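These notes are about the structure you will find just below.
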Amino acid sequence: MWSRIPLGVRFMLGSALAFSVMSALVKYAGARLASQELVFARSVVAIVISVALLRRAGVHTLGNRRWLLLARGIWGYAALSCGFYAMTKLPLAEATMIQYLHPVFTAMLAAVVLGERADRSLAASVLLGSAGVVLVTRPAFLFDAGGPALAPLGVAAALGGAVLTAVAYVGVRELARTEYPLVIVLWFPLVSLPASLPATLAQGVWPRGFEWLVLLGVGVFAQIGQVCLTRGLALEPAGRAMAISYVQIAFATLWGVLFFGEIPGVATLLGSLLVICGAAIGARAVLRSQSL
């Protein structure tokens, strides 16, 4: 069964699982450590792993289109900063789901910038996912009541992260045409390491005991997710690949229940169901298109 799933879809599913574990570790560490400190730690681990793998592969570290690689690193750092902040301020499932508005923006940008065609299955998956996000955020102009309000700054950060993630992912899709995947991955921490250092020095606190392992885990699982994401985006159209990655929300909901006691309400459960349905439609479309 697994072998029948296209390689690009498998990479996107692996990316979703790895990023969901990273998110859970960020939320745990974020109870005491500053979000930029977590970005810094993630960057240190990512650079060490990426450089070692690139040297082993005999690939030039800095790539070819360096200005675009630099831009991808800047977009990625901004998106990561927003995402990590949101994870420390919101329940894990809600933070993840709000950020998953990015497939909408990814599909739109990919159509405009890369000329990728948006078919009906992609439109359906995006609509279902967007409806799920609306159920979770419960905007006041649609819901007068129905559950506690989410932290406004956390919601704003998650939404900002969604837009910036879309820009970064379209950049990855373009760069994948000429660059080795690990080179694209490396430029992310090359930018985020120095960018996060000032805030880390000003606001950071020294990790204690188990927190060191958690920080290492943040970096390792982020690296796994980033490599899988880059490979997946190189093999699948950007909009459809992002629709498949909606499954990360299901993982985040599970970790929230198991480790943080975040029991999702009815709106969150319905929203999760909608986004998972959207992911299923996107994945099925990939299978059908590759069997023709």
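Among the residues that make up segment 41-61, is at least one of them within 19 Å of G154 (Cβ to Cβ) and among the polar types (S, T, N, Q)?
No - not one qualifying residue is present in segment 41-61.
Any residue in segment 196-212 that is not basic (K, R) sitting within a Cβ distance under 6 Å of a residue that is not in a helix (DSSP H, G or I)? List the pairs, counting only those 6 or more apart or interchain.
Short answer, once both residue conditions are applied: Q203/A34; G204/A34.
Working only within segment 1-50, note down all residues that are among the aromatic types (F, W, Y) and without any contact (Cβ under 8 Å) to a residue 60 or more places away in the chain.
W2
Condition test on S15, is it surrounded by 19 or more Cβ atoms within 10 Å (Cβ to Cβ) and in contact with a Cys (Cβ under 6 Å, 6 or more places away or on another chain)?
Yes; evaluated as a whole, the condition is true for this residue.
Of the conditions (1) part of a helix (DSSP H, G or I); (2) out of contact with any helix residue (DSSP H, G or I) (no Cβ under 6 Å at 6 or more places or on another chain); (3) at pLDDT 85 or above, A234 satisfies every one except a single condition; which number is it?
Going through (1) part of a helix (DSSP H, G or I); (2) out of contact with any helix residue (DSSP H, G or I) (no Cβ under 6 Å at 6 or more places or on another chain); (3) at pLDDT 85 or above one by one, A234 breaks only (3).
From the list F188, F259, F221, F210, which residue is at pLDDT 85 or above and crowded, with 24+ Cβ neighbours inside 10 Å?
Going through F188, F259, F221, F210 in turn, the sole match is F188.
Within segment 108-116, does at least one residue satisfy the condition of being within 21 Å of the chain's Cα centre (by Cα), at pLDDT below 90, assigned to a helix (DSSP H, G or I) and crowded, with 24+ Cβ neighbours inside 10 Å?
Yes, segment 108-116 contains a residue that is within 21 Å of the chain's Cα centre (by Cα), at pLDDT below 90, assigned to a helix (DSSP H, G or I) and crowded, with 24+ Cβ neighbours inside 10 Å.
In segment 1-50, what residues are farther than 19 Å from L92 by Cα, at pLDDT 90 or above and not in a helix (DSSP H, G or I)?
none
Could you check segment 154-170 and list, in sequence order, the residues that are within 12 Å of M87 (Cα to Cα), touching a Gly at 6+ places or on another chain (Cβ under 9 Å) and hydrophobic (A, V, I, L, M, F, W, C)?
If the condition is that a residue be within 12 Å of M87 (Cα to Cα), touching a Gly at 6+ places or on another chain (Cβ under 9 Å) and hydrophobic (A, V, I, L, M, F, W, C), then A157, A158 are the ones that fit.
Select from segment 117-174 the residues that are of a type in the set (K, R) and at pLDDT below 75 and write down the one among them that is farthest from E94 (Cα to Cα).
Residue satisfying both the conditions and the ranking: R117.
The values are calculated or read from the model by the stated rules, or taken from the named source; none is laboratory data. Remember, it's a predicted structure, so these values are computed and weren't measured experimentally. Virtual Cβ from ideal backbone geometry, glycine too; neighbours counted across all protein chains shown.
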